[in-house]
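Throughout, read-outs are computed from the coordinates displayed, never taken from laboratory work. Bear in mind that the values here come from a model prediction, so they are computed numbers and not experimental data. Counting neighbours? That spans all protein chains shown, and the Cβs are built from the backbone with ideal geometry, glycine included.
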């Protein structure tokens, strides 16, 4: 005898929509930021349009900004201590003995902390990447919410041309310090770190600023439609030509280094042209 009971179909279980919520950029930003630091996380954060990617990039950027601040404090203290104890360029010891004693304890402590944090960055980056794989934007431990707290204060009209302007001003100063500055003590290290920051942070940020200002965030009603690919691509082509010339026609010991300086010079000129064109259009 057939049963009178009817079985209602069991609704399909809806699991987390990981494939829809997570993004490759949101996952890999943590891994990319391990070697590139603020530059990698910051560029992904600025370029991200997906909310999941942006939240993960923000978390990575908060951590690496904290590490950068610790780096500046640590090595700034070290260089200052060297200068005021006669171990720098001046060779004049002006630091009082009690202060020198305290500094001799504080600076090794800062260096130890910096090494531990740098080592720990590798692990928290991998943990955050694993969390992002399963759809979670994990905040790094002990990292303040710097982007959320201060990001709005940096959002002002013409902020991207301002970034390009900073690049135009700073590049000659850094290059002058590298080639003509002192090669002793703290001045040498400042020039070296300045060049490193110029190459790894400010130059990529300037290229991103050109893209955001000239392409993504530009009003459709503006009269000037810059070809950002030309402003960025032309210096790359010039640098490639410089590499070939240096390698084939000169006896340079390091052609890639020559190409890097050629690129910086070409991109500096390109940035000036971009600013002038933007200013002339904006003033009309």
Chain lengthening between residue 281 and residue 182 when straightened (0.36 nm per residue, less Cα-Cα): 31.5 nm
- prompt: At what distance in nm do the modelled label points of residue 120 and residue 50 sit from each other, each positioned 7 Å from its Cα along Cα→Cβ?
  reply: 3.0 nm
field: Computed log₁₀ I(q)/I(0) - Debye formula, equal Cα scatterers, no solvent, the stretch 156-284, q 0.20 Å⁻¹
entry: -1.14
field: Ellipsoid equivalent to the stretch 17-146 - semi-axes via the Cα gyration tensor, in Å
entry: 39, 13, 10
- request: Evaluate the distance, in nm, between pseudo-label points positioned 7 Å from the Cα of residue 133 and of residue 169 along their respective Cα→Cβ axes.
  value: 4.5 nm
task: Give, in nm to one decimal, the length gained when the segment between residue 149 and residue 73 is fully stretched (0.36 nm per residue of separation minus the Cα-Cα distance).
output: 25.3 nm
query: Using Cα pairs under 8 angstrom and six or more residues apart, how large is the relative contact order of the stretch 17-146, in percent?
result: 33 percent
message: Going by average Cβ density within 10 Å per residue, which order do the peptides 40-46, 258-264 take, highest to lowest?
response: 40-46, 258-264
statement: Length gained, residue 142-residue 248, 0.36 nm per residue minus C-alpha separation, equals 33.0 nm
